[in-house]
Amino acid sequence: SSSAVSWYDVAGVGVGVGAAVGGKAALVTPLCKPKKVYTASGDGGTTGLRSLSLDSCAITDDGAYKISMLPSLIKLNLADTRITNDGLKYITDSLTNLESLSLFFCDVSDSEQGMEGLSRLTSLTELNLDSRDITDHSIAHLAPLVKLRVLDLFSAYRLTDLSALVISGLPELAKIELCGGRITGQ
């Protein structure tokens, strides 16, 4: 049976909490392309939200600030959003229990403000940093991520052997996507 939808503002995007799906509330947002469905636990509100995908939404750093107030998040997809280093700092300062983070095609770069915060996300098992603005400096911040199993650096063509040294020191890494770059293997 279906229940009425309650609307919340999550990161500046209207999010509706509707009928229970598999014992969990279903969160939907009509403002993103493509339409996404999210799951929440607990009271059906956003406080128990564990997974949020805002792929291709017009989320900015202000939205990242609001997202940072969702303490139960363990999976966050911000692919193809307008998040910058400032927004990434909000996320890494507050959501230290994240296990999966996608920053694919976001405007994050080597800025200390955002990238150094990645080192605090020690629960991460999956990280997508598929961005042309990522360099060896950014990768150096990944060394503490000893639980990392999947790393996507596909568009990070400016990486060199220095990044390869850091990456090779990640003990649980099972999958990496890397294309081109300046890694020679020497």
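The values are calculated or read from the model by the stated rules, or taken from the named source; none is laboratory data. Only a predicted model underlies this, so the values are computations on that prediction, with no experimental measurement involved. When we count neighbours, we look across all protein chains shown, and the Cβ atoms used for this are built from the backbone with ideal geometry, even at glycine. Calculation scope for accessible area: heavy atoms of the full protein, side chains included, ligands and nucleic acids excluded. Shrake-Rupley method; radii C 1.70, N 1.55, O 1.52, S 1.80 Å.
Kindly indicate whether ASP130 is in a loop (DSSP other than H, G, I, E, B) and of a type in the set (Asp, Glu). Answer is yes for this residue. Which residue pairs have Cβ atoms closer than 7 Å, lie 6 or more positions apart in sequence or on different chains, and pair a first residue in the stretch 145-167 that is without any contact (Cβ under 8 Å) to a residue 60 or more places away in the chain and open to solvent by 40 Å² or more (accessible area, probe 1.4 Å) with a second residue that is assigned to a helix (DSSP H, G or I) and of a type in the set (D, E, K, R)? From the stretch 145-167, the pairs are LEU162/ASP136. Hey, among the residues in the stretch 101-125 that are open to solvent by 50 Å² or more (accessible area, probe 1.4 Å) and in a helix (DSSP H, G or I), which one's modelled with the lowest pLDDT? Taking the candidates together, the pick is GLU112.
Residue pairs whose Cβ atoms lie under 7 Å apart, sitting 6 or more positions apart in sequence or on different chains, and linking a residue in the stretch 109-120 that is closer than 13 Å to GLY87 by Cβ to a partner that is among the basic types (Lys, Arg) and open to solvent by 10 Å² or more (accessible area, probe 1.4 Å), are GLN113/LYS89; GLY114/LYS89; GLY117/LYS89.
All of THR84, THR125, THR135 fail the test of being touching a residue at least 40 places away in the same chain (Cβ under 8 Å) and of a type in the set (Ser, Thr, Tyr), apart from THR125.
Residues of the stretch 82-100 that are in contact with a strand residue (DSSP E or B) (Cβ under 9 Å, 6 or more places away or on another chain) and either part of a loop (DSSP other than H, G, I, E, B) or of a type in the set (Phe, Trp, Tyr) (or both): ARG82, ILE83, LEU95, LEU98, GLU99. Is it the case that HIS141 is assigned to a helix (DSSP H, G or I) and surrounded by fewer than 19 Cβ atoms within 10 Å (Cβ to Cβ)? No: the conditions fail for HIS141. Only one of the listed residues (ASN97, ASN128, ASN77, ASN85) is within 30 Å of GLY48 (Cβ to Cβ), of a type in the set (S, T, N, Q) and open to solvent by 70 Å² or more (accessible area, probe 1.4 Å). That residue is ASN97.
Table: residues versus (1) under 21 Å from THR81 (Cβ atoms); (2) at pLDDT 90 or above.
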position: ARG132; (1), (2): yes, no
position: HIS141; (1), (2): yes, yes
position: PHE154; (1), (2): yes, yes
position: ILE167; (1), (2): no, yes
position: GLU172; (1), (2): no, yes
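The single condition among (1) touching a residue at least 40 places away in the same chain (Cβ under 8 Å); (2) in contact with a Lys or Arg (Cβ under 8 Å, 6 or more places away or on another chain); (3) hydroxyl-bearing (Ser, Thr, Tyr) that SER102 does not satisfy is (2).
Of SER72, SER68, SER131, all but one fail to be touching a Ser or Thr at 6+ places or on another chain (Cβ under 8 Å), among the polar types (S, T, N, Q) and closer than 23 Å to LEU162 by Cα; the exception is SER131.
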